[in-house]
Each structure stands twice: as structure tokens, then as C-alpha cells.
Amino acid sequence: MSELPLTLSLVLRRASRMGGSKWVVTALREGAERRTWAQVAERALRLCGALKRLGVRPGERVATFGWNHHQHLELLLGVPQLGACVHPINVRLHPDDVVHVSREAEDAVVFVDASLTPLLAEVRARLPHVRHWVVMGEEGEVAPSFMGAPRYEELIAGEAPLEGLSEVDERTPASLCYTSGTTGRPQGVEYSHRALVLHAMGALMVDSMAVSERDVVLPLAPFFHASGWGLPYSTAFAGATLVLPGPRLDAGSVAHLIERERVTLAAAVPTVWNAFEPVLREGKHELSSLRRILCGGAPLPMRTIQRFAEHGISFLHAWGMTELAPSGTMARAREEGSPEERLAPLALQGAAVPGIELRVVDSEGRELPWDGASVGELEARGLWGASRYFKGSEGERFRAGWLRTGDVATLDAQGALRIVDRTKDLVKSGGEWISSVELENHLMAHPGVKEVAVIAVPHEHWGERPVAVVVRQPESRVSFEELVEHLRPRVARWWLPDAAHFVAELPKTATGKVDKKALRRVYARSHAT
Ligand code: ADP
């Protein structure tokens with residue numbers, strides 16, 4: 001049989017041939033920019049020509065610092081065709097982390113959104129390895145130090161699409177993405193062409209994301225987060241229409257975009273969908289095209305799932321990691337039964353998607369039974385799973401071909417995963433584990449609670465005790481005592497939090513996850529009661 005290599009040129013060719021009548025749409029402040037996939041592919045190849053002219057060599061890294069839009073998409077598709085590696089930097093990282101990741105990656109060129117140049121202006125002097133800066137996007141003021149930099153459109157204007165590109169080896173790194181650093185320093189993961197193609201094919205499977213040619217796909221997950229969950233590549237491969245939101249990710253703008261472009265599949269972390277409640281309540285937007293929401297990256301509250309179900313919109317609940325590019329599992333609602341029975345599978349993270357293997361192990365690395373009860377550390381491996389970190393840091397996370405995920409979980413007889421907690425977020429009280437995630441789920445079900453995080457605080461006697469940090473609903477005056485009464489019938493007595501702190505908002509990490517490291521720093525004083 002043929003040994004056609006699994007490279008992104010396969011994806012680019014298919015998009016340009018099959019997607020002739022399908023669009024890539026970028027939302028602008030007024031209206032939208034629209035191009036066919038064929039035009040996008042042609043522009044990506046013109047970009048290759050321009051990068052070659054700038055002296056970018058195979059094996060080098062080209063970084064991006066931008067929101068999801070046309071030019072950014074062309075970089076994701078174009079840079080790997082040269083054998084170079086595209087490195088989308090998380091624009092929400094702390095400036096010191098931006099410097100760290102860009103230095104580690106030795107980015108040769110950086111493409112930055114005009115509106116984000118003020119952010120990079122702060123750190124530019126600390127990035128002497130960057131040979132060229134290019135400004136993307138038309139919106140926003142360019143910071144003075146970037147005034148002289150070429151604009152993306154100027155750069156590709158005179159170029160002819162690069163022809164006769166030699167096929168790169170499928171194991172060549174195509175993209176470099178960093179973890180969001182929720183529990184430590186961001187770690188780089190290099191995605192090979194092969195992994196990205198297999199991941200894109202995986203996303204087309206009906207038991208995974210089921211991206212099809214008939215979809216209109218809206219990745220709200222930023223490209224700097226595991227390439228927008230791989231959706232640019234899978235949508236291109238499917239030849240479906242892709243809608244890109246630009247910088248406006250608030251619920252009103254997203255609802256408007258879904259309505260105008262008739263989006264069928266939208267993807268974002270739970271925080272985005274939690275913030276959607278007022279839009280659903282007001283009912284001003286016609287959202288009937290939206291058949292499914294892909295959601296993952298953090299625990300998904302049942303209340304959010306129910307709110308959308310009341311409007312006929314169903315969730316795909318995924319568990320994933322940057323190290324898995326990121327697709328690991330998928331849970332979907334049942335098609336039969338009472339409303340509760342239908343939604344029940346979404347409370348879990350679902351079964352591994354075909355191509356990914358999971359197991360739960362004890363502290364000695366022995367596999368535990370798939371009984372839905374045995375709790376241990378989750379390990380993963382698969383066709384698009386990392387086998388090491390970029391530049392080899394944190395090697396102990398990889399053991400005999402398996403990635404130690406840092407998640408504490410169970411697997412049941414049907415293969416469904418239940419994330420109990422992250423190893424670093426568990427509360428260890430009197431030598432026993434308390435799941436912060438489970439306490440948060442119960443607290444989120446209280447009508448007075450808008451958002452909550454449970455963290456471990458040191459305790460003289462018990463080692464650690466759980467403490468809740470709560471954001472109340474706007475009209476709510478719910479007290480600590482009422483929350484404890486709400487939890488009492490639901491959890492063991494020794495799980496009840498020792499205290500609650502009521503705050504206006506929770507600190508978030510660069511990917512919108514609750515920043516428990518920051519909360520622990522603030523509330524770490526010992527509770528001696
Ligand atoms: P970081 O580890 O820095 O947060 P990632 O963005 O790669 O970076 O996050 C992966 C982690 O996110 C997983 O290990 C898990 O803890 C969490 N996660 C992802 N999806 C889910 C989900 N559906 N439910 C609960 N936790 C999730």
C-alpha cells in the first residue's frame with residue numbers, strides 16, 4: 001500500500017479542493033471578512049514564499065501572538081509547509097512567561113496583532129533572538145516601537161504561491177504549544193505533522209467531535225491553546241465552513257456571531273458557557289442552528305448543561321490536555337430516557353476517543369480495576385500523545401510510554417472517565433482525600449452561587465482542610481452556614497469546608513481556568529479550629 005506521509009499538506013490540499021464553496025469567516029467590529037478555503041490555501045502558500053524570503057529555515061520556529069482570525073489561520077497552515085514550526089504564544093501569559101517560552105523556542109519571527117503590540121512592547125527588549133517582527137490585523141493602535149515593522153498584507157502582497165515544496169517527513173514538528181501552566185510553569189509540546197493529521201482525522205469521527213462537511217464551526221478556544229483544540233485543521237480537512245471570532249469573546253458578541261453565521265458547532269471552556277446564561281434568559285438571539293457545544297478544559301457544571309438543554313442545545317463534554325493535542329475523551333447525552341437520564345453521561349468525562357488509551361494506576365504504578373470506584377492517577381497515551389516535553393523538562397511525567405496526567409480519576413466498566421481532581425488540588429485531610437471538584441460541583445448547584453473554588457489550606461491537626469472561595473449570584477446573600485446545610489446531605493461530614501470567603505471574582509489563569517495557585521497564596525494561613 002501507499003505510504004503517503006501524514007503531513008499537513010494533505011489537509012491544505014483537501015481544504016483548497018473540497019472547500020471551494022465553503023468559507024472562512026472572520027468577525028470584524030463591523031461585518032466580516034470572508035474568503036473561500038481555496039483563497040486561504042493560496043494565501044498560506046504566498047506566506048511560505050514570504051517567510052522563505054525572510055530567511056526562515058526548516059526546523060526554525062515562527063511565533064504568533066494573536067486572536068483567532070484569517071491571517072493567524074494562514075500561519076497555522078502555512079508555516080509547517082516549509083518544514084518550520086508555528087508557535088502560537090498565549091497572549092494572556094504573564095510577561096515573564098512570554099519571555100520564557102519565546103526564549104526557549106528561539107522564535108525567529110513573531111507575528112503580532114496590532115491591538116496586542118502594546119503588550120509585546122513591554123518585553124520586546126528581552127527577546128533579542130527574534131530576527132523579524134510582523135504586525136497582523138487591522139484593528140487597534142500599533143505601539144510606537146512596532147511602527148516600523150512590516151504589515152502581514154504588505155509581506156504577502158507581491159509573493160507568488162510557493163510551488164514545488166518538498167514533502168517534509170511526517171515526524172517533523174509542525175507546531176509548538178505550551179500548557180497553560182495551571183499547576184506549574186508552562187511546558188512546551190511539539191506536535192508533529194503526523195500527530196496533527198491523525199488528530200484532525202480523529203475529530204471527524206462520529207464518536208468524537210463528529211466535525212462534518214455540513215458544519216459551520218466556531219472555535220472560541222484560542223489558537224494558542226492546543227491549536228484551538230485542533231479545530232482549524234479538522235475543519236479544513238472536513239472542508240467545512242470555519243468562523244473565527246477575533247478578539248470579541250463576550251457572550252453578546254458570540255451569540256450575535258452564532259446567529260448571523262448559522263454556526264452548528266461552537267467550542268470553548270466552561271467559563272465561556274457559564275457567562276452565556278443571561279443571553280439564554282433574555283432570548284434575544286435566534287440560536288437554533290447551534291446543534292452542539294464542545295466543552296472541556298475544566299470541570300463542566302451540570303447546571304450549565306441543564307440551562308442549555310432547556311433551549312435544545314446539547315453539550316459534547318471532552319477531557320483533554322495540551323499533551324494530547326488536546327483530544328482525550330468524549331461524553332455525549334443519551335438519545336433516550338427522561339431528561340435527567342439523557343444528560344447523566346455528561347456528568348462524566350466520557351470514554352477515550354478511538355486512538356487514545358487510558359488507565360488509572362496506584363502510587364506504585366499498578367493498574368487499577370475499571371470499576372468506577374478505584375481512584376488513582378490517570379495515565380494516557382495514543383496516536384497524538386506527547387512522549388516528552390520540548391527541551392526535555394519534567395521528564396518524570398513520562399513513564400514507559402505513558403503520560404502521567406496529574407489527574408486523579410476513575411474508569412468504569414463502560415470505559416467512562418470521571419475526573420475526581422488534580423493531584424495538586426486534592427485536599428488531604430487526616431490522611432484521606434477530599435475531592436475539591438466534587439465539592440465545587442455540589443456548591444455550584446446552589447442557586448445563590450455563581451462561581452466557586454475549593455482549595456486546601458494547611459491545618460495543624462488534619463494536615464489540610466477544604467475552604468471555599470465563593471462568588472455569589474448578583475442578588476444572592478447566601479451565607480457560609482447555608483452552604484454547609486446545602487452540602488450536609490450530599491457529602492461526608494468531614495468533607496464539609498471549614499470556611500467560605502466571599503469575593504467579587506475568582507482569579508483566572510491564562511486559559512480561563514480558576515487560578516488555585518493564586519488562591520492558595522492568599523488563603524494559605526492555617527485554620528486551627
Ligand atoms: P494545564 O495542565 O496547565 O491546565 P492544559 O490546558 O493542558 O494545561 O489542561 C489539562 C488539564 O485540564 C487536565 O489535566 C485536567 O486537569 C483539566 N481538564 C481538561 N478537561 C477537563 C474536563 N472535561 N473536566 C475536568 N478537568 C478537565
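The values are calculated or read from the model by the stated rules, or taken from the named source; none is laboratory data. It should be emphasised that the depicted structure is a prediction, and the values quoted were computed from it without experimental measurement. Positions of Cβ are backbone-derived with ideal geometry, glycine not excepted, and every protein chain shown enters the neighbour counts. Accessible surface is based on the protein model in full, side chains and every heavy atom, while ligands, DNA and RNA are left aside. Shrake-Rupley method; radii C 1.70, N 1.55, O 1.52, S 1.80 Å.
Output the qualifying pairs, or none if there are none: Cβ atoms under 6 angstrom, residues six or more apart or on different chains, first residue in region 46-59 and more than 15 Å from H72 (Cβ to Cβ), second residue of a type in the set (S, T, N, Q) and surrounded by fewer than 20 Cβ atoms within 10 Å (Cβ to Cβ).
none
From the residues in region 1-25 that are among the polar types (S, T, N, Q) and surrounded by 12 or more Cβ atoms within 10 Å (Cβ to Cβ), which one is modelled with the highest pLDDT?
T7
Output the residues belonging to region 220-255 that are part of a helix (DSSP H, G or I) and within 19 Å of L204 (Cα to Cα).
Within region 220-255, A226, S227, G228, W229, L231, P232, Y233, S234, T235, A236, F237, A238 meet the criteria.
Residue-by-condition table, conditions (1) under 13 Å from V112 (Cα atoms); (2) in a loop (DSSP other than H, G, I, E, B); (3) touching a strand residue (DSSP E or B) at 6+ places or on another chain (Cβ under 6 Å):
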site	(1), (2), (3)
V130	yes, yes, yes
W133	yes, no, yes
G140	yes, yes, no
S145	yes, no, no
D169	no, yes, no
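Which one of these does C177 not meet: (1) farther than 28 Å from Y191 by Cα; (2) within 16 Å of the ligand (Cβ to nearest atom)?
(1)
Between residues in region 114-130 that are assigned by TED's automatic domain parsing to the domain that holds Q71 and residues that are outside any helix (DSSP H, G or I) and surrounded by fewer than 17 Cβ atoms within 10 Å (Cβ to Cβ), which pairs lie under 6 Å by C-beta distance while being six or more apart or on different chains?
A114/G140; S115/E139; S115/G140; H129/E106
For the subset of region 33-88 comprising residues that are of a type in the set (A, V, I, L, M, F, W, C) and assigned to a strand (DSSP E or B), which member is farthest from P118 (Cα to Cα)?
Ranking the candidates gives C85 first.
Could you look through region 390-408, keep only residues that are closer than 24 Å to L198 by Cα and not in a strand (DSSP E or B), and pick out the one that is nearest to the ligand (Cβ to nearest atom)?
Step by step, filter region 390-408, then rank; the result is R397.
One line per residue, one yes/no per condition, for (1) open to solvent by less than 30 Å² (accessible area, probe 1.4 Å); (2) in contact with a Gly (Cβ under 9 Å, 6 or more places away or on another chain); (3) not assigned by TED's automatic domain parsing to the domain that holds S180:
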site: R477; (1), (2), (3): no, yes, yes
site: E482; (1), (2), (3): no, yes, yes
site: R490; (1), (2), (3): no, no, yes
site: R493; (1), (2), (3): no, no, yes
site: L496; (1), (2), (3): yes, no, yes
site: P507; (1), (2), (3): no, no, yes
site: A510; (1), (2), (3): yes, yes, yes
site: L519; (1), (2), (3): yes, no, yes
site: A524; (1), (2), (3): no, no, yes
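What single numbered condition from (1) among the small types (G, A, S); (2) open to solvent by 10 Å² or more (accessible area, probe 1.4 Å); (3) closer than 25 Å to S16 by Cβ fails to hold for A309?
Evaluating A309 over (1) among the small types (G, A, S); (2) open to solvent by 10 Å² or more (accessible area, probe 1.4 Å); (3) closer than 25 Å to S16 by Cβ leaves (3) as the failure.
For region 296-328, which residues satisfy the criterion of being closer than 21 Å to S227 by Cα and acidic (D, E)?
Once the filter is applied, which keeps residues that are closer than 21 Å to S227 by Cα and acidic (D, E), region 296-328 yields only E323.
Take the conditions polar (S, T, N, Q), open to solvent by 30 Å² or more (accessible area, probe 1.4 Å), more than 23 Å from S227 (Cβ to Cβ) and more than 12 Å from the ligand (Cβ to nearest atom) and apply them to S387. Does it pass?
In short, no.
Any residue at all in region 280-287 that is at positive phi, open to solvent by 50 Å² or more (accessible area, probe 1.4 Å) and not aliphatic (A, V, I, L, M)?
The answer is yes, given that some residue of region 280-287 is at positive phi, open to solvent by 50 Å² or more (accessible area, probe 1.4 Å) and not aliphatic (A, V, I, L, M).
Taking into account only those residues within region 328-342 that are touching a helix residue (DSSP H, G or I) at 6+ places or on another chain (Cβ under 6 Å) and open to solvent by 10 Å² or more (accessible area, probe 1.4 Å), which is farthest from the ligand (Cβ to nearest atom)?
Filtering first and then ranking leaves R334.
Considering every residue within region 344-364, establish whether at least one is away from the ligand (no atom under 12 Å from the Cβ), in contact with a helix residue (DSSP H, G or I) (Cβ under 6 Å, 6 or more places away or on another chain) and open to solvent by 50 Å² or more (accessible area, probe 1.4 Å).
No; the residues of region 344-364 include none that is away from the ligand (no atom under 12 Å from the Cβ), in contact with a helix residue (DSSP H, G or I) (Cβ under 6 Å, 6 or more places away or on another chain) and open to solvent by 50 Å² or more (accessible area, probe 1.4 Å).
State which residue is least open to solvent (accessible area, probe 1.4 Å) when the search covers only region 89-109 and only residues that are part of a helix (DSSP H, G or I) and over 15 Å from G188 (Cα atoms).
P95
Restricting attention to region 428-453, which residues are open to solvent by 50 Å² or more (accessible area, probe 1.4 Å) and within 17 Å of W494 (Cβ to Cβ)?
The answer is K428, G431, E432, W433, E438.
Which of (1) of a type outside the set (V, I, T); (2) within 24 Å of D113 (Cα to Cα); (3) crowded, with 20+ Cβ neighbours inside 10 Å does A238 not meet, given it meets every other one?
Of (1) of a type outside the set (V, I, T); (2) within 24 Å of D113 (Cα to Cα); (3) crowded, with 20+ Cβ neighbours inside 10 Å, only one is false for A238: (2).
Rundown of residues vs (1) touching a Phe, Trp or Tyr at 6+ places or on another chain (Cβ under 8 Å); (2) assigned to a helix (DSSP H, G or I); (3) open to solvent by less than 10 Å² (accessible area, probe 1.4 Å), yes/no style:
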residue: R381; (1), (2), (3): yes, no, no
residue: T410; (1), (2), (3): no, no, yes
residue: K424; (1), (2), (3): no, no, no
residue: I455; (1), (2), (3): yes, no, yes
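In region 295-323, how many are part of a helix (DSSP H, G or I) and either free of Cβ contacts under 8 Å to residues at least 40 places away in the same chain or within 8 Å of the ligand (Cβ to nearest atom) (or both)?
8
Any chance you could count how many residues in region 410-425 are within 10 Å of the ligand (Cβ to nearest atom) and either hydroxyl-bearing (S, T, Y) or over 19 Å from V514 (Cβ atoms) (or both)?
3
Test L176 against the stated conditions and say whether it is touching an Asp or Glu at 6+ places or on another chain (Cβ under 7 Å), on the phi < 0 side of the Ramachandran plot and not assigned by TED's automatic domain parsing to the domain that holds K508.
So L176 passes the test.
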